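Each remark here refers to the structure printed beneath this line.
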Ligand SMILES: Nc1ncnc2c1ncn2[C@@H]1O[C@H](COP(=O)(O)OP(=O)(O)OP(=O)(O)O)[C@@H](O)[C@H]1O
Ligand SMILES: [Mg+2]
């Protein structure tokens, strides 16, 4: 599904990613943890194609294609989805309107007929039940005046509607209360599928209690410094990140291959 | 960051594709302006004595006036002796004979804008006799309106058939000496529209399609007068989202609205005149005076405008709230791109008791566009209980454009409540990225965000117009992004 090789990226002149290696197979869920500022969001953005970070070397293969050669919207239409750490507000643009335009842009790309308003509403309302969201949210402006938790739920609603191949969830759990966390986790779990891979960026073991990852990686200072199974998250919860620096950089990237 | 900026730049740098060749006028009087010019115009139009005198008085006032220099716009001085002030209504012999001869790009734009088929031909300048239906469409409208006693005709016709109404109301809202351009217009106005709605009559249709078809060739000094008598209602749509063919650089129109007791006038404009090339050459200068007079108690006047065209726009649709409990509204979207300049806004003059006004202004600047909002709210001493709410938002695309806000507030009555809110935002790189990450093209994303920004104004437009206006913004911002 995704093969990242020796990926380096800078923001401005500042190198942030310093040689990321990661392979994710279809159906796998990988958790990425790591201290603040270590580059987790930058990695997510680079994969989605945001232009504020520049790839300086390395390669990313996605479903056999050179991901880095594609535009942001092409990646999206090819099934790359990013749930934002800080979802942006768009005043005046209806939530439902954006979603419909997005879904139809993607369907068009895949050679599928566009959904009309009726079919689309039926689909969205169905997914909203899953996310236990109030239908009035559909008719509000995108994220405008949404609470922190509502914004995160809205991101997962979009994921549920767009049904991506590769979903990158950047701290979708932060800012959620316990009930909301369960709902979001439930939504994400229902989207687990043999042909869908996920990257979960998180700071907390808590999320991983609900969404069991296949692998856990620790990103520090732009490198993956440790990789392991779900038990690694528990260890981190106890130890924190103080041990970083004692380990050789790039250790443990040999999972899953 | 650089990439995003260049995407935005591509989107906003699209050129207006529909400039037109200048055709040579056949039946026109020589260039230049003198008392004689005014007399000739009046004579050619077979006007009654009072109107000639009125024009001449305006001309004499104009001679003593100087162009306003306070507006935040820049252009070379206009040579008023180099303008042709009268030309006979054009026979359209030189125009294309059918749609097949019209620039396909132009037709594509009409299609994108959803302009009805029979109107496309007219807008493209195809000779009217070649256009099926349009004449009968107009006639059907006229019959229906006449049944209700509504007068809706060209200004020239009104002068011939209803001189008493013209005499009573002309210049009663915008006096000849009001400003330099209004004085000029009063002296030499060519033609325009006249509407009178009798007491208690609700105009059964938007006065739109008919207007679009017939308002062609009204010339550069347009004059419009709309009167809603007691308890009457009318919604009037001016202009057209389609790029308009026009050969005159200077446009100085005057629009006067009069609402008597309990009457309501809704006036909507979409203006998309040629804005000039990327350097601003050849665009239209649009210096308009629009004013409504809420003369009767409980009357209401609303201006709604979508301004995307012209090189320079100088325009402040205003309402004089004379009647007690009268209501004035102004909803505006103005877009400036490339080298376009707009100095626009409104004046709400509260004179009656418990008068209310609302101002919602949305300015969008792109490219090197330059935009100023200038709003005056004046509460007179007698206007007890007056209220105004003003909201003024600017949206910037790219980093070479500018937006300024100049609110003027004069309150002479302590019971007045005046609220002003203003904001300036940039289309965020993060908003754009978000939309694209969901699969939208950059173009669609910009158009969606801009339309969202304008929503409060669009919802005031009559339905069909609102749809056109949305598309227009999309087309105006369209670029070569794949
Ligand atoms: N636009 C920018 N300009 C300068 N530095 C930036 C910019 N964006 C990110 N950075 C820097 O890049 C580094 C990595 O940031 P990133 O957001 O990827 O961290 P993160 O691992 O997601 O952190 P957190 O856990 O706090 O979300 C940080 O040091 C950050 O300050
Ligand atoms: Mg982050």
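Segment B:314-375: percent of C-alpha pairs farther apart than 18 Å?
I get 41 percent for the Cα pairs in segment B:314-375 exceeding 18 Å.
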Rounded to the nearest 10 degrees, the helix A:148-162 long axis (Cα) sits at an angle to the longest Cα principal axis of chain A of 80 degrees
How high is the FRET efficiency from residue A:182 to residue B:467, r the C-beta distance, R0 51 Å, rounded to 0.05?
-> 0.75
Take B:450, A:46 and order them by how many other Cβ atoms sit within 10 Å, fewest up front.
-> B:450, A:46
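May I ask for the equivalent-ellipsoid semi-axes of segment B:326-482, computed as the square root of five times each C-alpha gyration tensor eigenvalue and listed largest first in whole Å?
One finds semi-axes of 34, 16, 13 Å for segment B:326-482.
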Segment B:41-70-segment A:142-220 distance, computed between alpha-carbon centres (Å) = 72 Å
What is the mean number of Cβ atoms from other protein chains located within 10 Å of the Cβ atom of each residue in peptide A:135-145, rounded to a whole number?
-> 1
Quick one: pull the percentage of alpha-carbon pairs in segment A:124-226 with a separation above 18 Å.
-> 48 percent
quick note, chain A, DSSP beta bridge pairs, % antiparallel (nearest 5) is 60 percent
Normalised alpha carbon radius of gyration of chain A [divisor 2.2 N^0.38 Å] | 1.00
Averaging over all projection directions, find the projected area of the Cα convex hull of segment A:74-183 and quote it in nm² with one decimal place.
-> 6.6 nm²
By the Cα gyration tensor axes a ≥ b ≥ c (a/c under 1.5 gives rounded; else a/b larger than b/c gives prolate, otherwise oblate), the shape of segment A:166-228 is oblate
Exposure proxy order (Cβ contacts within 10 Å, fewest to most) of A:128, B:65, B:448 = B:65, A:128, B:448
On Cα atoms only, tilt of A:178-190 relative to the major axis of chain A in degrees | 90 degrees
Label residue B:423 and residue B:456 with points 7 Å out from Cα along Cα→Cβ: what is the distance between them in nm?
-> 0.8 nm
Counting other chain Cβ atoms within 10 Å of each Cβ in B:154-162 and taking the mean gives 0
Structure-based [θ]222 nm, chain A - -39500 (n - 2.57) summed over DSSP H runs of at least 4, per residue, nearest 500 | -10000 deg cm²/dmol
As computed over segment A:15-67, the Cα convex hull volume per residue (Å³) | 93 Å³
With each pseudo-label sitting 7 Å past Cα toward Cβ, what's the residue B:52-residue B:146 distance in nm, one decimal?
-> 3.1 nm
Euclidean distance of C-alpha centroids, segment A:11-75 and segment B:400-456, integer Å | 33 Å
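Within 10 Å of each residue's Cβ, count the other Cβ atoms and sort A:90, A:244, A:211 from fewest upward. Kindly include the intermediate steps, with their values, before the conclusion.
On the way: A:90 26, A:244 17, A:211 22.
The order, fewest Cβ neighbours first, is A:244, A:211, A:90.
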Cα-based Rg of segment A:31-97 per 2.2 N^0.38 Å, rounded to two decimals?
-> 1.28
Once both axes come from the Cα atoms, what is the angle between helix A:95-109 and the longest principal axis of chain A, in degrees from 0 to 90, rounded to 10?
-> 70 degrees
Using a basic spin-label model with each label point 7 Å from the Cα along Cα→Cβ, how many nm lie between residue B:167 and residue A:55?
-> 8.1 nm
Looking at the P(r) of segment A:4-140, how many percent of alpha-carbon pairs lie beyond 23 Å?
-> 47 percent
Want the number for residue A:239 to residue A:116: 0.36 nm per residue separation, take away the alpha-carbon distance, what's left?
-> 39.0 nm
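Any read-out appearing in this document is the output of simple, stated calculations on the displayed coordinates, not a laboratory observation. Model, not experiment: these values are computed from the prediction. Glycine also receives a Cβ, built like all others from the backbone with ideal geometry; neighbour counts cover every protein chain displayed.
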